[in-house]
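Have a look at the structure below before the remarks.
The values are calculated or read from the model by the stated rules, or taken from the named source; none is laboratory data. All values reported here derive from a predicted model rather than from experimental measurement. Backbone-built Cβ (ideal geometry, glycine too); neighbour counts: all protein chains shown. All accessible areas refer to the heavy atoms of the entire protein, side chains included, with ligands and DNA or RNA removed. Shrake-Rupley method; radii C 1.70, N 1.55, O 1.52, S 1.80 Å.
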Amino acid sequence: MMSDRTKNPAAGGSVSRRVLLQGTLAIAVAGAGSGLLAACGEEMPPEEPATTAAPATPAATVETPAATPQAGPVNFRYVTDHTSGPRGEAMQWGLAQFSQTRPNVNVRFVPQPSQYEDVFAIQMAAGTQAEVGMLNGGTFNHFVAAGGFTQINDVLDKHPDFNREFWYFNADSYTVNYEYGQANGELPPQVMEGPQYGMPFQGGLNGPALNMTLAEEYGIEFPSPGWSYENEFLEGAKQATNPEKDTWGNFGVHQSFDFNWGPMMFADGARSHRNASETELYVFENGGDTGFQFAVDLIHKHKVAPPAAIAKEISGEFGDPMTAGKAWVNLWWAGYTGFFIPRIKDRFQWSLCPQPVGRTGNPGHWWSSTGNLVTSAATTFGVVEEAADFSLFTAGPVFQDRIAIERGTFPILKSALDRPETLAAPPEGMKWQKTFMEYEDKKPMMMQLPNFWEFYEWRNFAELAFIGEKSVDEVVPQMLNYARRDLISQRDQYDQNRQKLGLPPLA
């Protein structure tokens, strides 16, 4: 789905958030009493209206650590949009556990609507930001050089529950790294490093789910590791496509670069989102262009993925063709099964499965990480240690195990993926989540730009190819040109941010 945060440049609109963001960034540079409130930043299925969820009934007993004696009381605010559905259930349960283990620390839960990053810009200007916020890396990088956050490395390093190797690491989400090694063919860093302003809380990743009932009906075998887009994937999609029964091989290929067509590009050889000099969009190099062409061809050449109008028609009351039981595979459900379990119920059997590989012979996993970050307001009110302890608790086993049970998002703590409750069906095949996350070359979003979300609008031009209005050869130059112009426009601010954070200037 397309975010409504900005107008779509592919439709001739302009990017409207820049004036607001640049204005608040200037305010942040002028004054240090600033924080950050922003939404997760990943494209997701719609949740129920954002209302505060009732405390969840535990689905499994989790051992609660003994309470830690503290001087107090200590009060601070925490903002997040995890207020309903499986995310809200995990949030309310986890906050209740924290209140039991830290009775002298009062966390005021401040629920926010979805996509609330613009709200932060207003609060930053007013100096009313909360002490801890669940934030995406794009908004983090917009304000970190301006003093919007409090660095907590020293607090974490002396904490007995902190070990950098316990978590999957996504650079530039809650740490400052300016990581671009993948553009040079290097693996992304695997262990947490760099100046740190919070702890990881949730993840997003692509990974396929199969309608096993539909597969059995059409005689499609369960895929083995190493199955490829051009062979087994495409052949299975053709077998499942039956216009008379309104069934299709694949659904959602056009929905999202992050979860669908981007991974196809990385599987065909694309190394990273941008080049090492931060001047060009890089995903169409090294074979990425063939992955994009293949994604478009699934709709218009191979005709195994439904155009948007047909997809809407066959979705019925269920919201999408996959949930309606009308599609064989969806490539991005792996991290969000909690949204679909109550929608599917027992109407058909479904399972996660291995990620297809591209022409490189490798899967093209994409992933993101959203953290609970300690803002500069924690310094202003003298609650840095308590805020950092809270952020660490949300990343720890009590909270992360609950996230794995509710399944509204993806846990970042490695040990959470091995628990019996995590692996329990439905759906089948939950073991594949760990396989996806332990693939070393999974692609992060590279969100270190000062105006990442403005840059990221390059992908909206792809819609013109997916709807058949333009060819791939026509839209790729549009995406490259948009990205190039935007990177140039951000370059001075980007260079200043690097140097403020102790990194060398751009070459």
*Mind checking which residues of the range 273-319 are within 26 Å of residue 246 (Cα to Cα) and not in a helix (DSSP H, G or I)?*
301, 302, 303, 304, 305, 306, 307, 319
*Restricting the search to the range 174-196, which residues are in contact with a Ser or Thr (Cβ under 9 Å, 6 or more places away or on another chain), open to solvent by 20 Å² or more (accessible area, probe 1.4 Å) and either modelled with pLDDT of 95 or more or not in a loop (DSSP other than H, G, I, E, B) (or both)?*
184, 193, 194, 195
*Determine, yes or no, whether residue 106 is of a type in the set (S, T, N, Q) and not in a helix (DSSP H, G or I).*
yes
_Any residue in the range 111-140 that is more than 24 Å from residue 456 (Cα to Cα) sitting within a Cβ distance under 8 Å of a residue that is open to solvent by 50 Å² or more (accessible area, probe 1.4 Å)? List the pairs, counting only those 6 or more apart or interchain._
111/50; 111/51; 111/52; 125/27; 130/77; 131/77; 131/381; 132/77
_Pairs where the first residue, in the range 272-288, is of a type in the set (Phe, Trp, Tyr) and the second is open to solvent by 10 Å² or more (accessible area, probe 1.4 Å) and part of a loop (DSSP other than H, G, I, E, B), C-beta under 6 Å, 6+ apart_ = 282/275
*Given (1) open to solvent by less than 30 Å² (accessible area, probe 1.4 Å); (2) among the acidic types (Asp, Glu); (3) modelled with pLDDT of 75 or more, number of the condition residue 117 does not satisfy*: (3)
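Let's see how each residue does on (1) in contact with a helix residue (DSSP H, G or I) (Cβ under 8 Å, 6 or more places away or on another chain); (2) surrounded by fewer than 18 Cβ atoms within 10 Å (Cβ to Cβ); (3) within 27 Å of residue 170 (Cβ to Cβ):
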residue	(1), (2), (3)
230	yes, yes, no
240	yes, no, no
244	no, yes, no
248	yes, no, no
256	yes, no, yes
274	yes, no, yes
292	yes, no, yes
